[in-house]
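The structure appears below as C-alpha cells.
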Amino acid sequence: MGDILGLGVTHYPPLIGLDQNMAGILKTVLRDPGLPAKYRDPANWPEQLRREWGSDEGKTAAAAHRAELVRHFRHARNVLDEFRPDLVIIWGDDQHENFVDDIIPPFCIHAYDAIETKHRQRDQSENIWGEGPDTAFRYTGHREAGKYLARRLLEQGVDMSYSYKPLHHSLAHAFLNTLVYMDYDRVGFRYPVLPFQVNCYGRKVISQRGYRASLGHPLTDEQLDPPSPTPKRCMEVGAATVRAMRESPWRTALIASSSWSHAFLVDKHYQLYPDLAADRRLYETLRTGDYDSWRKTSLAAVEESGQQELLNWFCLAGAMEELGRKPDECEFVEAWAFNSNKCFAVFQA
Ligand SMILES: [Fe+2]
C-alpha cells in the first residue's frame, strides 16, 4: 500500500522576480483607466494595504513576504525529503498555457516520461536566481503512474483525461513554479512528477486567458466560457485519487498548488486586494478539518471571492478527508499589496 503525504503550497509568480516588482499586479490595476479616481490615492485604501504599499511601493513589505514564503517552502521541502516519495502529484491550474482554444479539459493528468521547460515569457525578466530566458528545467515524469491513476479514476466513475505529451506549453507555470519554489535553494528536484491539471479558471480561462479583465469592462455572460468543475466535484476527484494511490505501489506526495483569493479576480475590491474575509473563513474550516463546509462552498462563492485557483486545494481537501486527516500544520499568510493570500499546509503520512 502506498503511503500518502499531503502538502498545500502556492505557485505565486512574483516570487520569481525581484522584491521591487512584487506589487506589479497592483501597479497594473492602478494603471487601469477603469479604476475610479478615488482609489488611485492610497489615502482611500484600507489601512493594511496602505501599510504594505508604504513609501516604496511595497518593496520593504515584499522582502518580508518573500522571507515568510521561502521559510514555508524550505519547510515543505524538508517534509517532502523526509517522506521520500516515489512520486509527486501536483494539482495545478492551466492559465491559457498548455490548454487554449482547441481544448479545455476539466481535469487532465500529464503522464509524461520527462519534462523539459522554461519560465513563461512574462516571468523571465529580472529573475531572483539570475536565470535567463533560456534556462531549461528538467524533471522526471511518471507515465506508468499517470496511466495507472487515469485508469483507476475511470474505474471509479471519474471521466479522466490524460496526455502523454504537452499540447501548447511544456508545463504550465502552476507546476513549474511549484517545482522551482520547492527547490528554492537549487539543490535539485529528483522526484518523479505527475502534473494533474484542474480547470480552475472556468468561465475566465479562454475569455480572460486565465487572468484579469479591465475594470469598467467586465465580460458579459455571453462572452464568458463554460464554468470549471464545482468545488464538490474537485473534492470527489481528490478522494478518488487518494483511493487509487493508496492501493498503488508508490509512496505518493499530493501537492495542491495555488494562492487563495486573487485580487485581480475580486472586482468588488476594484482588484486592489484579495478577499481576506472569505479566505479567513475557509482557512478556519481547513484548520479544524471541517470538510463539510468546503463541500458546501458554491462555485459562485468561489468566483465572487476570486478563489478560482483554490479548486486545486479542494482536490487536496477531498483527498485528506478520505484519509480522515486534518492538517498537522497549516498557516495562513495574509497579503494586501501582493495580489493574493497564501496558505501552507502539511498532512503527514
Ligand atoms: Fe495559477
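Things worth noting here:
- Evaluated over the stretch 114-268, the Cα radius of gyration and Dmax, each in Å: 17.6, 53
- Integer Hz, Karplus 6.51/-1.76/1.60 couplings in order for the stretch 315-321, x for Gly and Pro: 4, 5, 4, x, 5, 6, 4
- Cα pair distances in the stretch 4-347, grouped into 10 Å bins until the bin that holds the longest one, percent each: 6, 27, 37, 24, 6, 1
- Using the Cβ-Cβ distance between ASP183 and GLU304 with R0 set to 35 Å, the FRET efficiency works out to roughly 0.50.
- Comparing ASP279, ASP19, ASP41 in a Gaussian network model of the chain, where Cα atoms under 10 Å apart are tied by springs, the biggest mean-square fluctuation is seen for ASP41.
- Three-way shape label, the stretch 298-349, alpha-carbon gyration tensor, a/c 1.5: oblate
- Helix 231-246 and the longest principal axis of the Cα set of the chain meet at an angle near 40°.
- Whole-percent pair-distance distribution, where bins are 10 Å wide, for the alpha carbons of the stretch 177-291: 10, 29, 36, 20, 4, 0
- Taking amide H positions as modeled 1.01 Å from N, with prolines and chain starts lacking one, the residues under 5 Å from SER248 and 5 or more places away or on another chain are GLY2.
- Only Cα sites of the stretch 158-225 enter the Debye sum here, all with the same form factor; the resulting log10 I(q)/I(0) across q = 0.20 1/Å is -0.97, listed in q order.
- Computed from point charges on the beta carbon alone (+1 for Lys and Arg, -1 for Asp and Glu), the dipole magnitude for the chain about its Cα centre is near 180 Debye.
- Coordinate range of the alpha-carbon atoms in the stretch 256-341 per principal axis, descending: 39, 25, 19 Å.
- Likely footprinting exposure, HIS75, HIS217, HIS169, HIS269, fewest C-beta neighbours within 10 Å first: HIS217, HIS75, HIS169, HIS269
- Top of ASP94, ASP134, ASP290 by mean-square fluctuation, Gaussian network on the chain, Cα under 10 Å: ASP134
- Förster-model FRET efficiency, 25 Å R0, SER55 and ASN127, C-beta, rounded to 0.05: 0.45
- Tail beyond 25 Å, pair distance distribution of the stretch 76-193 (Cα, percent): 26
- Computed per residue of the chain from DSSP H runs no shorter than four, each worth -39500 (n - 2.57), the mean residue ellipticity at 222 nm is -10000 deg cm²/dmol.
- Diffusion constant of the stretch 1-154 at 20 °C, which comes from Stokes-Einstein with the Kirkwood Cα-pair radius and 1.002 mPa s, µm²/s: 112
Every number here is computed from the coordinates shown, using simple stated rules; none is lab data. Since the structure is predicted, the reported quantities are computational estimates derived from the model, not experimental observations. Glycine gets a Cβ as well: all are built from the backbone with ideal geometry, and neighbour counts include every protein chain shown.
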